[in-house]
Amino acid sequence: MELAPGVGYAVTTRHGGAGAAPYDTRNLGGAVGDDPETVRRNRELTAREFGLAPERVVYMRQVHSPDIAYVTEPFGAEPPALDGIVTDRAGLGLAVLVADCGPVLLADPVARLVGAAHSGRVGTVAGVVPALVESMAARGGDPARMVALVGPMACGRCYEVPEQMRAEAAAALPELFGTTRQGTPAIDVRTGITAQLARAGVGDIRQDARCTIEDPDFFSYRRDHTTGRFAGYVWLTD
């Protein structure tokens, strides 16, 4: 699928790979306790399904930070600790691993730039998504031309938190304030990310509004605790 002309993207589910419970079957996360060889096979299978060379996919060591890196090749066996990546290299896949946090994919098809960010509660408060927009703009991107996809994540009607946590998050970003279906305190990460993208001037903001807690097609840490990770991918096709 195309996110914009010349830009491919995909969001995986937990189905279609190899692996045993509780990581069944397409776990792409390498730091969740799954067999490393199974993860390697799943990553290779998934890349090939999207027309990407497995050795040309960039994974991060995600730590809920606002840190962004420009990349021209994969990091190798020891990725740095960061939560956003940008490239202008065709055929280089950018991957963000999630299981309730938000995968955010960005593209400026005119400047030939794509970016990916891991934005959960902590990263959203820290501003990883605005930092990604700024990083792309610093390389010639125009937020008004950018297309964003905000992927599947824990929705604001399911992401229950203590009242103090909601208050602290909303003090930093008011749009994070949420309430569950039961009327208890929640955090609405999707609405927070969307507000950040809009304030950054991103011209086209799209939603894959599926909730990872509700939808068994996705891995969900809050639902299952020990579980795998699915991924959002973005790349320049030519």
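Just so it is clear, none of the values below were taken in a lab; they were calculated from the coordinates. Remember, it's a predicted structure, so these values are computed and weren't measured experimentally. Reconstructed Cβ throughout: ideal geometry from the backbone, glycine too, with neighbour counts over all protein chains shown.
Ranked from largest, the principal axis spans of the Cα set of segment 1-95 equal 37, 29, 20 Å. Subtracting the Cα-Cα distance of Arg61 and Arg181 from 0.36 nm times their residue separation leaves 39.8 nm of extension gain. Remark: relative contact order (segment 103-238) = 29 percent; criterion is Cα-Cα distance under 8 angstrom and separation of 6 or more residues. Averaged over residues, the count of other Cβ atoms within 10 Å places the peptides 50-59, 70-79 in the sequence 50-59, 70-79, highest first.
Ordering of 119-125, 232-238, 180-186 by packing is 119-125, 232-238, 180-186, highest average first (other Cβ atoms within 10 Å, averaged per residue).
Go ahead and run the numbers for FRET between Ala171 and Glu49, Cβ-Cβ distance against an R0 of 45 Å, rounding to 0.05.
Once rounded, the FRET efficiency stands at 0.60.
Annotation for Asp35 and Arg206: the two label points, set 7 Å from Cα along the Cα-Cβ direction, are 3.6 nm apart.
For segment 2-236, the relative contact order is 25 percent, taking Cα pairs closer than 8 Å that sit 6 or more residues apart in sequence and dividing their mean separation by the residue count.
For segment 160-238, GluC sites (Glu not before Pro) meeting the loop criterion (DSSP other than H, G, I, E, B) and having at most 15 other Cβ atoms within 10 Å: Glu214. Counting only cysteine Cβ atoms and a cutoff under 4.7 Å, the chain contains unmatched residues Cys101, Cys158.
Sequence-distant contacts, meaning Cα pairs under 8 Å at least 6 residues apart, place the relative contact order of segment 1-137 at 19 percent. Computed from the alpha carbon positions, the gyration tensor of segment 136-216 leads to an equivalent ellipsoid with semi-axes of 27, 16, 8 Å, biggest first. With coordinates expressed along the principal axes, the C-alpha atoms belonging to the chain extend over 47, 44, 29 Å, beginning with the largest. The slack between Thr226 and Thr25, meaning 0.36 nm per residue of separation minus the straight C-alpha distance, is 71.0 nm. Peptide packing for 140-148, 200-208 was compared via the average number of neighbouring C-beta atoms within 10 Å per residue; ordered from the highest value, the list is 140-148, 200-208. Expressed as a fraction of 2.2 N^0.38 Å, the value expected for a compact globular protein of N residues, the C-alpha radius of gyration of segment 107-169 is 1.37.
Among beta bridges from DSSP that stay inside the chain, the antiparallel ones total about 70%.
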